[in-house]
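Note sheet for the following structure.
The values are calculated or read from the model by the stated rules, or taken from the named source; none is laboratory data. All values reported here derive from a predicted model rather than from experimental measurement. Here Cβ is always computed from backbone atoms with ideal geometry, including for glycine, and neighbour counts include all displayed protein chains.
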Amino acid sequence: MKTDLLQASWQVDNWQQLPVVARGAEFGDGLFETLRINAQGNIPLWQLHRQRLSEGLVRLNFPIDSLQIIDRAIRQLLVSQLMAVVTSHQQYGWQVKLLVERAANSTSHTPVRGYAYHADQAVVLSVFIRPAPGFLAAHHGIKVGVSPVVLSQQPLLAGIKHLNRLEQVLARQQFSDDWQECVMLNQQGDVIEGCMSNLYVLEQGKLVTPLLDNAGVNGVARRWLFDQAEQLGMELSQGVIDLARAKHSDGVLYSNSLNGFSWVNQLDDYDFSPRSCEKAQHLCATIQSVFIQTISESL
């Protein structure tokens with residue numbers, strides 16, 4: 001089978017290339033993760049993806065056995081004929097978008113209409129598989145701008161990767177042609193994240209990343225960096241960051257689980273000094289090297 005995109009749904013304990021009706025398209029009632037399967041057929045960051053899924057499943061009140069079903073489905077996916085076909089001859093492995101949705105209705109109750117659901121409505125899983133991109137080169141800085149789209153604040157949804165991504169859709173459409181990312185602010189003007197990435201500022205050799213208690217996604221690469229900070233010999237903390245603080249820092253970095261880490265040489269009309277760029281580039285290269293090694297390693 002020669003294709004660069006496959007879709008499958010988890011049905012009767014097996015992956016089948018058939019669509020499933022669920023509440024994600026109707027209400028955004030669900031979660032998603034974008035996984036990188038490496039050339040050895042492993043998901044090196046799976047435990048961090050799983051951690052975020054677990055938090056999301058609790059927040060959205062999915063059935064208690066949903067995480068176990070996802071575990072079983074992922075194990076089966078990695079050894080399935082589906083992955084055996086697509087993982088061959090792919091340098092950077094494969095990108096798998098996993099959708100976790102609530103079933104359209106319960107099999108043991110009278111059907112409900114609208115937003116309501118029964119507590120036992122099952123988890124529905126789908127995957128979309130395509131070739132993974134290469135990693136960003138750490139020696140290239142990126143240009144970013146401040147998005148005119150302001151993030152709403154909802155503590156019940158902050159941190160998790162739910163299916164309602166309209167703010168990001170709107171923000172991405174507002175990119176200038178020369179932006180590679182953006183800075184998204186909350187209603188108070190605090191820096192929260194990029195459109196597709198988490199954000200960090202470098203100050204006196206220490207990294208600070210925005211608090212995500214009211215808005216934003218707690219990314220897998222961000223979680224990985226918190227786990228690895230001590231080993232990398234760096235200090236990483238969370239804090240409130242406004243735009244002025246970001247611009248007058250020693251540099252700004254971004255992270256994304258597919259691309260890894262990048263650094264900023266221009267933020268809107270502000271050019272970071274050559275010295276700041278040198279610091280940010282050096283730190284980014286160090287982190288990116290370890291991150292790529294983590295991804296590339298076989299479990």
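Of the residues Leu232, Leu236, Leu225, Leu258, which single one is assigned by TED's automatic domain parsing to the domain that holds Val191, touching a Pro at 6+ places or on another chain (Cβ under 7 Å) and more than 22 Å from Val146 (Cα to Cα)? Break it down stepwise before answering.
Details: Leu232 fails: touching a Pro at 6+ places or on another chain (Cβ under 7 Å); Leu236 fails: touching a Pro at 6+ places or on another chain (Cβ under 7 Å); Leu225 fails: touching a Pro at 6+ places or on another chain (Cβ under 7 Å).
So the residue among Leu232, Leu236, Leu225, Leu258 that is assigned by TED's automatic domain parsing to the domain that holds Val191, touching a Pro at 6+ places or on another chain (Cβ under 7 Å) and more than 22 Å from Val146 (Cα to Cα) is Leu258.
Of all residues in the range 1-58, which are part of a strand (DSSP E or B) and of a type in the set (S, T, N, Q)? I'd like the intermediate steps shown before the answer.
Taking the range 1-58 as the starting set, the residues that turn out to be part of a strand (DSSP E or B) are 6-10, 15-16, 22, 30-37.
Result: Gln7, Ser9, Gln16, Thr34.
Select from the range 157-179 the residues that are more than 18 Å from the chain's Cα centre (by Cα) and part of a loop (DSSP other than H, G, I, E, B) and list them in ascending order. Before you say what the answer is, go through the steps one by one.
Our first condition is that a residue be more than 18 Å from the chain's Cα centre (by Cα); within the range 157-179, this holds for 173-179.
Gln174, Phe175, Ser176, Asp177, Asp178, Trp179, listed by residue number.
Evaluating Gln173 against the criteria (1) free of Cβ contacts under 8 Å to residues at least 12 places away in the same chain; (2) surrounded by 15 or more Cβ atoms within 10 Å (Cβ to Cβ) leaves one unmet condition, (2).
Among the residues of the range 180-214, what is the count of those that are closer than 22 Å to Leu283 by Cβ and either outside any strand (DSSP E or B) or within 15 Å of the chain's Cα centre (by Cα) (or both)? Please lay out each step first, then the result.
Our first condition is that a residue be closer than 22 Å to Leu283 by Cβ; within the range 180-214, this holds for 180-183, 191-194, 196-212.
Imposing the further condition that a residue be either outside any strand (DSSP E or B) or within 15 Å of the chain's Cα centre (by Cα) (or both) reduces the set to 180-181, 192-194, 196-199, 204-205, 211-212.
Count: 13.
Selection over the range 261-276 of residues that are closer than 18 Å to Glu193 by Cβ and surrounded by fewer than 24 Cβ atoms within 10 Å (Cβ to Cβ) gives a count of 2. Sub-6 Å Cβ pairs linking a first residue in the range 185-214 that is outside the structural domain of Phe175 (by TED's automatic domain parsing) and in contact (Cβ under 8 Å) with a residue 60 or more places away in the chain to a second residue that is surrounded by 23 or more Cβ atoms within 10 Å (Cβ to Cβ) and in a loop (DSSP other than H, G, I, E, B), at least 6 apart or interchain, number zero. Among the residues of the range 220-234, the ones that are of a type in the set (Gly, Ala, Ser), in contact with a strand residue (DSSP E or B) (Cβ under 8 Å, 6 or more places away or on another chain) and farther than 14 Å from Ser257 by Cβ come to 1 in all. The residues in the range 119-145 that are part of a strand (DSSP E or B) and either exposed (fewer than 14 other Cβ atoms within 10 Å of the Cβ) or not aliphatic (A, V, I, L, M) (or both) can be counted, and the count is 7.
Answer yes if at least one residue in the range 288-299 is outside any strand (DSSP E or B) and over 30 Å from Leu78 (Cα atoms), and no otherwise. Break it down into steps so the answer makes sense when it comes.
Initially, the range 288-299 is screened for residues outside any strand (DSSP E or B), giving 288-299.
Next cut, over 30 Å from Leu78 (Cα atoms) only: none.
There is no residue in the range 288-299 that is outside any strand (DSSP E or B) and over 30 Å from Leu78 (Cα atoms).
Count of the range 250-299 residues, restricted to those that are of a type in the set (A, V, I, L, M, F, W, C) and more than 19 Å from the chain's Cα centre (by Cα), is 8.
Answer yes or no: is there a residue in the range 106-118 that is at pLDDT below 95 and crowded, with 18+ Cβ neighbours inside 10 Å. Within the range 106-118 (the criterion being at pLDDT below 95 and crowded, with 18+ Cβ neighbours inside 10 Å), the answer is yes, since at least one residue qualifies.
Quick grid of which residues meet (1) surrounded by 15 or more Cβ atoms within 10 Å (Cβ to Cβ); (2) of a type in the set (Val, Ile, Thr); (3) in contact with a helix residue (DSSP H, G or I) (Cβ under 8 Å, 6 or more places away or on another chain):
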| residue | (1), (2), (3) |
| --- | --- |
| Pro210 | yes, no, no |
| Met234 | yes, no, yes |
| Arg245 | yes, no, no |
| Thr286 | yes, yes, yes |
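Would you check if Asn42 is crowded, with 19+ Cβ neighbours inside 10 Å, in contact with an Asp or Glu (Cβ under 9 Å, 6 or more places away or on another chain), polar (S, T, N, Q) and under 23 Å from Leu6 (Cβ atoms)? No, not satisfied. On the stretch given as the range 215-273, residues that are in contact with a Leu (Cβ under 9 Å, 6 or more places away or on another chain), hydroxyl-bearing (Ser, Thr, Tyr) and not in a loop (DSSP other than H, G, I, E, B) total 4.
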